[in-house]
Amino acid sequence: MALGKFIGGTLVAGAAVATYARWEASSYRLRRHEAAALPEDADPLRILHLSDLHMTPRRHRLQSWVASLAELRPDLVVVTGDFLGHVDAVDPVVAALEPLTSIAPGVFVLGSNDYYAPRAINPFSYFAGPSDLHPDRPELPWPDLVGALTSAGWAHLPNARAMIEAGGLRIDVRGVDDPHIERDDYALVAGSADSSADLSLGVAHAPYLRILDAMAADGVDVTLAGHTHGGQVCLPGYGALVTNCDLDRRRARGLSRHERPLAEFAPHDQPDMVLHVSGGLGTSPYAPLRFACPPEATLLTLTPKAGG
Ligand SMILES: [Fe+2]
């Protein structure tokens, strides 16, 4: 009888947690941060950072919430991959982003889930290390996504660099293709920032240390990444359990500084690189749950460096 009550109580508690986690997965939030990274006389630069939308045609609340972010009037939008979560998601995600593509310059990279369709995965496998790419996952229509966003004026930076203008600043942006599935080729973007730029910006889907170290050594001021989902299921007071890459779990989401390696060519007079990891807005369609880790977008305001 006592055992029966215990099992019954456990099942009720588990169902309550699952119900809450399903609700939290669509409880979208805007997080705001400030970081000093600009020349002394520059006006603040407001960057809207989106990541890991994992869009499906039925995620109407996410579509309308993303569209509403245009009210923020950002100077620049950065999307760090995993736009797609369904073979028919290109049109819905492009439509959700249209209010932003129509008012602000943007840069983006893709993540593994843009290239390949989602599949069910045992969540406990993440404790064994970063997930592997399953060979049977069908390819998604990512070229259509890239075509639509680049036609709207945003820059796709898969192992590529571009000089863009945003908020009255010249920004030297370098991006790598997704390091999680080893599509990154940093050598193609390596080197110090263009001296005429006001800001050097790095973008990547997955924040693997090899990429962060390389960007920091090259003097990149600010790097933005996603992929971790902030841990997706966190313990209150402890935080993320996993990052699904080699980044430490304390930096699974939010703002931090990434130390510049002691390389011969490292610009030691610069402050450490600003790193922002987005906890992302979506989940895999097979695990639409979040706990103590609400889905988020970030408005990151860059301000002048002291004595910059
Ligand atoms: Fe993701």
- Task: Taking the options Pro92, Pro118, Pro105, name whichever one is closer than 22 Å to Ile171 by Cα, surrounded by 15 or more Cβ atoms within 10 Å (Cβ to Cβ), more than 16 Å from the chain's Cα centre (by Cα) and not hydrophobic (A, V, I, L, M, F, W, C).
- Result: Pro105
- If only one of Ala217, Ala160, Ala166, Ala152 is away from the ligand (no atom under 16 Å from the Cβ) and at pLDDT below 95, which one is it? Ala217
- Name the single residue, out of those in segment 58-90 being among the hydrophobic types (A, V, I, L, M, F, W, C) and in a loop (DSSP other than H, G, I, E, B), that is nearest to the ligand (Cβ to nearest atom). Phe83
- Task: May I ask you to list the residues in segment 226-252 that are of a type in the set (A, V, I, L, M, F, W, C) and closer than 24 Å to Ala21 by Cα?
- Result: Val233, Cys234, Leu235, Ala240, Leu241, Val242, Cys245, Ala252
- Message: Looking only at segment 150-166, filter to residues that are in contact (Cβ under 8 Å) with a residue 40 or more places away in the chain and in a loop (DSSP other than H, G, I, E, B); which one of those is surrounded by the fewest Cβ atoms within 10 Å (Cβ to Cβ)?
- Response: Gly153
- Taking segment 283-295 and keeping residues at pLDDT 90 or above and either among the basic types (Lys, Arg) or within 13 Å of the ligand (Cβ to nearest atom) (or both) leaves Pro295
- Query: Which number in (1) surrounded by fewer than 24 Cβ atoms within 10 Å (Cβ to Cβ); (2) more than 16 Å from the ligand (Cβ to nearest atom); (3) in contact (Cβ under 8 Å) with a residue 40 or more places away in the chain marks the one condition that Gly191 misses?
  - Reply: (3)
- When segment 103-135 is examined, which residues are found to be over 21 Å from Val90 (Cα atoms) and either within 14 Å of the ligand (Cβ to nearest atom) or in contact with a Lys or Arg (Cβ under 8 Å, 6 or more places away or on another chain) (or both)? Ile121, Pro123, Tyr126, Pro130, Ser131, Leu133, His134
- Within segment 135-149, restricting to residues that are surrounded by 11 or more Cβ atoms within 10 Å (Cβ to Cβ) and part of a loop (DSSP other than H, G, I, E, B), the one that is farthest from the chain's Cα centre (by Cα) is Arg137
- Query: Would it be correct to say that Leu97 is within 13 Å of the ligand (Cβ to nearest atom), at pLDDT 95 or above, of a type outside the set (Ser, Thr, Tyr) and within 19 Å of Ala225 (Cα to Cα)?
  - Reply: no
- Scan segment 281-308 and report the pairs whose first residue is part of a strand (DSSP E or B) and whose second residue is of a type in the set (Val, Ile, Thr) and within 16 Å of the ligand (Cβ to nearest atom), with Cβ atoms within less than 7 Å and a gap of 6+ or a chain change. Phe291/Val233
- Message: For the condition surrounded by 13 or more Cβ atoms within 10 Å (Cβ to Cβ) and in contact (Cβ under 8 Å) with a residue 24 or more places away in the chain, what is the one hit in Arg32, Arg59?
- Response: Arg59
- Item | Of all residues in segment 40-57 being over 19 Å from Glu71 (Cα atoms) and more than 14 Å from the ligand (Cβ to nearest atom), the one that is nearest to the chain's Cα centre (by Cα) | Pro57
- Residues satisfying the stated conditions in segment 193-225, i.e. among the small types (Gly, Ala, Ser) and under 27 Å from Leu53 (Cβ atoms): Ser200, Gly202, Ala204, Ala206, Ala214, Ala225
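The values are calculated or read from the model by the stated rules, or taken from the named source; none is laboratory data. Since the structure is predicted, the reported quantities are computational estimates derived from the model, not experimental observations. So basically every Cβ, Gly included, is an ideal-geometry build from the backbone, and we count neighbours across all protein chains shown.
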